[in-house]
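Peer 1: Okay, here's the structure, questions in a sec.
The values are calculated or read from the model by the stated rules, or taken from the named source; none is laboratory data. Here the structure is a predicted model, which is why all the values come from computation and not from measurement. Here Cβ is always computed from backbone atoms with ideal geometry, including for glycine, and neighbour counts include all displayed protein chains. Just so you know, the surface numbers come from the protein's heavy atoms only, side chains and all, with ligands and any DNA or RNA stripped out. Shrake-Rupley method; radii C 1.70, N 1.55, O 1.52, S 1.80 Å.
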Amino acid sequence: MTSVKAMDLTIFLRAFSIFSIVSGHLGFIGLAGGAFYLIFLSGFNFVKFNFPKVEKANDNSEEFNTSIFISIYFGFLLKIIVPVLLYTLFIYVFLDRYYLGGILLISNFYGPNYADGLTFWFIEVLVQIYILFGLLMLTNKYYYWIKKSPYISFLIGFAFFYAISILCKSTWDTSFYLDRFPHLMMYMFFAGALVAFSQTQQQKIMTSCALAFVATDFILFDFSSKTMFFIIGAIATLWIQKVSIPKLLHWPISIIAMSSLFIYLSHFQAKSLLDKLLPNSPAIVVVCFALIVGIIMSEAWKKRKILYTKPFNLKGFFK
């Protein structure tokens, strides 16, 4: 009986990324860049999970089926938008403070101090990236380019959007906004899709070179630990599929990864709650409490229909 078990690297890095975000915000460990990797992972997962559904729906069609694409793609997007909007509205109603930018998921265009931080810039940028990419797919031609040459399509897309990012940051100073705009981060999404389509040794080497080229940021601008996190995480995802993890840690790592959305949404409010219950708690305790609150919220959201149709069963809650 072995004490270690293989785990998908993307699950491990997803959990690590959300942990780095929360621990940085709550004063435990300052390791920036988790949000950048999660944007990358969104592109990777689009290719792995959503694109095959779009392909299957269009297998026997001579023309791109727009309605099916909208149903699949934007149906998935709504699974992100709906809980984010509901949680945002809950906070605003509870505090009796309302911010239109937060409700419309565009607060990143106002600046980091907008609404006293009662917004979720990472989710907003991610949703904006998804919408931009969805509109690009709806041009139809891009879909068929992907079908014909998936790797080359995303390699060109990655290079194009990285060039846009460099050009825009060189032309306009968006440091006040912390560069939190979809057109500046779109290349990370394309990088994730590019890694997912990198199958051969030659493709992986080319992709590694493309990802390493992002280090140009360090020459043109200042060194950024966030960008370094993205580069290392992306290259690791490209070359490593599984990592050996102690069996005991499999469940907590997996559930943290799967609960990342709600952990991100609720970690500041979880800290406020713990400050009232146990003032001056150590940072590690605050981080663990925030993770637990996010996990409970995530599980409750997944089982929301069961919660109001059947008697509550704690034993089966985390199944």
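Peer 1: Regarding ALA212, is this residue part of a helix (DSSP H, G or I), open to solvent by 30 Å² or more (accessible area, probe 1.4 Å) and hydrophobic (A, V, I, L, M, F, W, C)?
Peer 2: When the stated conditions are applied, ALA212 passes them.
Peer 1: So the check is Cβ under 8 Å with 6+ separation or different chains; which pairs have a first residue in region 162-176 that's at positive phi and a second one that's modelled with pLDDT under 95 and polar (S, T, N, Q)?
Peer 2: Every condition considered, no pair remains.
Peer 1: In the list TYR130, TYR187, TYR162, TYR143, which residue meets the criterion of being more than 18 Å from ILE39 (Cβ to Cβ), buried (at least 18 other Cβ atoms within 10 Å of the Cβ) and touching a helix residue (DSSP H, G or I) at 6+ places or on another chain (Cβ under 9 Å)?
Peer 2: None of the other options fit; the residue is TYR143.
Peer 1: Quick one: LEU220 ticks every box in (1) surrounded by fewer than 13 Cβ atoms within 10 Å (Cβ to Cβ); (2) under 27 Å from CYS288 (Cβ atoms) except a single one, so which number is it?
Peer 2: So LEU220 meets the others, but not (2).
Results for (1) aliphatic (A, V, I, L, M); (2) modelled with pLDDT of 95 or more; (3) in contact with a helix residue (DSSP H, G or I) (Cβ under 9 Å, 6 or more places away or on another chain), shown as yes or no for each residue.
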| site | (1), (2), (3) |
| --- | --- |
| VAL195 | yes, yes, yes |
| SER208 | no, yes, yes |
| PHE223 | no, no, yes |
| ALA236 | yes, yes, yes |
| ILE255 | yes, yes, yes |
| LEU261 | yes, yes, yes |
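Peer 1: Scanning region 263-313 for residues that are of a type in the set (Lys, Arg) and over 27 Å from LEU126 (Cβ atoms), which turns out modelled with the highest pLDDT?
Peer 2: Checked region 263-313; the qualifying residue modelled with the highest pLDDT is LYS276.
Peer 1: Something else about it: Regarding SER42, is this residue touching a residue at least 12 places away in the same chain (Cβ under 8 Å), open to solvent by less than 60 Å² (accessible area, probe 1.4 Å) and farther than 30 Å from TYR142 by Cβ? Give the steps one after another, and end with the answer.
Peer 2: On the way: touching a residue at least 12 places away in the same chain (Cβ under 8 Å): yes; open to solvent by less than 60 Å² (accessible area, probe 1.4 Å): yes; farther than 30 Å from TYR142 by Cβ: no.
So SER42 does not fit the description; no.
Peer 1: Here's another thing I want to ask about it. Just checking, which of ILE152, ILE231 is among the aliphatic types (A, V, I, L, M), surrounded by fewer than 19 Cβ atoms within 10 Å (Cβ to Cβ) and part of a helix (DSSP H, G or I)?
Peer 2: After applying the criteria, what remains is ILE152.
Peer 1: Moving on to the next point. Residue under question is PHE76, and the condition is that it be of a type in the set (Phe, Trp, Tyr), open to solvent by 10 Å² or more (accessible area, probe 1.4 Å) and at negative phi; does it hold? Step through it out loud before you land on a result.
Peer 2: Values: of a type in the set (Phe, Trp, Tyr): yes; open to solvent by 10 Å² or more (accessible area, probe 1.4 Å): yes; at negative phi: yes.
When the stated conditions are applied, PHE76 passes them.
Peer 1: Out of the residues in region 12-31 meeting the condition of being open to solvent by 40 Å² or more (accessible area, probe 1.4 Å) and either outside any helix (DSSP H, G or I) or in contact with a strand residue (DSSP E or B) (Cβ under 6 Å, 6 or more places away or on another chain) (or both), tell me which one is modelled with the highest pLDDT.
Peer 2: Ranking the qualifying residues of region 12-31, first place goes to PHE12.
Peer 1: Name the pairs whose Cβ atoms lie under 6 Å apart, with the first residue in region 266-287 and farther than 16 Å from ILE18 by Cα, the second in a helix (DSSP H, G or I), and 6 or more positions between them or separate chains?
Peer 2: Pairs found: LEU274/VAL286; LEU274/PHE289; SER281/LEU274.
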